[in-house]
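What follows is one structure encoded as structure tokens, with my remarks underneath.
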Amino acid sequence: MSQTITIVLDLAAEAHRARLSTVDSKGRFKGPALIHLHVIPSLKVFLNAFEAANPSSDWSLICCTNTKVETVGRTGEGIDLDAIMRMLDDGVKKAEVEEDAAPTTLASSEPKANPNISISKGISAGVTTAVCRINSYLNKNLPGGLANRKRKHETALSASASGADDGFTNLHKNSDETKSQNNVIESRILVIQTGEDWMPHYNNLMNCAFAAKSAGVCVDALQLFCSSDKNEERSSMLSQLTHITGGLFMRPPTPAGQVHGALTQILLTVYLVNKSSRNVLSPVVVETVEFKGRCYETGNKIDIGFVCNLCLSVFERKLDTCLTCGSKV
């Protein structure tokens with residue numbers, strides 16, 4: 001069985017991370033991991049191992065900033081380091097301009113830190129590009145195309161929901177046939193986020209999750225610390241994204257746990273294994289799923305809220321008009 005994997009690498013918070021990187025008393029780097037020093041070398045090792053384990057495999061690397069999404073690597077061509085460095089430089093320059101434009105306080109001449117620097121605004125666009133790229137690849141290489149896989153899966157679900165005595169048996173029978181006939185290509189997406197969640201894109205990311213699930217695409221996610229503070233809030237968006245698609249979500253236990261080869265070890269031991277083999281190997285996942293919804297207006301976590309009946313946006317207060325789609329609630 002051949003595999004295809006698309007890696008989405010977030011570059012948006014690199015300026016913020018580089019400013020907060022620290023070293024210990026012996027001069028050893030303590031984190032957070034930097035793109036050019038730690039993440040890219042680890043990804044090279046991961047992709048070499050992926051190709052070695054799957055000779056007929058296909059991969060691509062998509063990098064995203066707050067304003068740009070670009071494919072910077074694919075099978076047979078390798079990783080375009082120049083393109084990555086250009087995107088990093090552009091991101092750092094824009095971050096410096098935003099920081100210089102921030103208002104100053106009376107007590108200090110230093111500008112206030114811009115909170116948007118550490119937010120990953122490009123993750124939604126990167127995941128959308130990855131889903132489209134895999135859909136295109138499967139349509140070209142699957143027998144009967146991607147529509148054939150979806151059609152058989154829907155038939156299996158209909159048989160199970162019909163109430164027939166053998167519905168459960170038919171579901172598993174059709175699922176087995178689908179795996180043997182159409183799932184000759186196992187497709188995955190690996191999202192590496194280096195900043196904080198950007199809540200206005202929550203709905204977009206959930207739409208990507210259901211689109212990926214419909215296409216049989218597994219989405220894994222790795223969240224890296226964007227500072228040396230080990231008490232940073234973990235990504236609820238990535239947690240839900242991986243849960244919906246049956247993927248793995250993990251975050252290193254500490255900022256130092258993603259440097260000095262630790263990131264390479266995580267990629268090889270957790271994310272190299274394909275989905276069909278994970279039940280046998282029982283991979284360790286240190287993060288639990290965050291099921292709480294987020295208010296689209298404020299970004300706050302909520303247990304109970306008001307839902308738009310058209311776009312399904314969630315709000316913590318009752319509104320007459322949905323702020324997302326403009327329909328009457």
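Close amide H partners of ASP220, meaning residues 5 or more places away or on another chain with modelled amide H under 5 Å apart, are ILE189, LEU190, VAL191, LEU248. Take each peptide in 121-131, 79-89, count the other Cβ atoms within 10 Å of every residue, and average; sorted highest first, the result is 121-131, 79-89.
Peptide packing for 320-329, 233-242 was compared via the average number of neighbouring C-beta atoms within 10 Å per residue; ordered from the highest value, the list is 233-242, 320-329.
Per-peptide packing, taken as the mean over residues of other Cβ atoms within 10 Å, places 63-75, 291-303 in the sequence 63-75, 291-303 from highest down.
Whenever you get a sec, compute what percent of the accessible area on the range 215-277 sits on carbon and sulfur atoms (1.4 Å probe). If you can, show how the numbers build up before the last one.
Details: 1080 of 2060 Å².
Within the range 215-277, the accessible surface is 52 percent carbon and sulfur.
Placing R0 at 45 angstrom, the Cβ-Cβ distance between VAL307 and ARG86 gives a FRET efficiency of 0.60 after rounding to 0.05. Starting from the 7 Å offset along Cα-to-Cβ, what nm value, one decimal, do you get for the label separation of LYS140 and VAL273? Label-label distance for LYS140 and VAL273, simple model: 3.2 nm.
Rounded to the nearest whole Å², what accessible area per residue is found for the range 287-329 with the 1.4 Å probe? The partial results should precede the final answer.
Values: 2930 Å² over 43 residues.
So the range 287-329 comes to 68 Å² accessible per residue, rounded to a whole number.
For GLU186, the residues 5 or more places off, or on other chains, whose built amide H falls under 5 Å of its own are SER2, GLN3, THR4.
Just need the relative contact order of the range 192-263 here, percent rounded to a whole number, with Cα pairs under 8 Å and 6+ apart. Please report the intermediate quantities before stating the final value.
Working: 90 pairs, mean separation 26.3, N = 72.
The normalised contact order for the range 192-263 reaches 36 percent.
Estimated at 0.36 nm per residue, the fully extended path between SER56 and SER282 surpasses their Cα-Cα distance by 78.9 nm.
Using a probe of 1.4 angstrom and keeping all protein chains present, the accessible surface of the range 42-86 works out to 47 square angstrom per residue.
Counted residue by residue at 0.36 nm each, then reduced by the alpha carbon distance between them, the extension gain from THR71 to LYS44 reaches 8.2 nm.
Report, by chain and number, residues whose modeled amide H sits under 5 Å from the one on ILE119, excluding near sequence neighbours (fewer than 5 apart, same chain). Amide H neighbours of ILE119, under 5 Å, 5+ apart: GLU196. Note on the range 199-324: percent of Cα-Cα distances in each 5 Å bin, starting at 0 and stopping at the bin with the largest distance, equals 2, 10, 17, 18, 18, 14, 10, 6, 3, 1, 0.
The values are calculated or read from the model by the stated rules, or taken from the named source; none is laboratory data. Since we're looking at a predicted model, the values are computed, not measured. Ideal geometry is used to build each Cβ from the backbone, glycine not excepted, and the neighbour counts take in all protein chains shown. Keep in mind that these areas ignore ligands, DNA and RNA; they rest on the heavy atoms of the full protein, side chains included. Shrake-Rupley method; radii C 1.70, N 1.55, O 1.52, S 1.80 Å.
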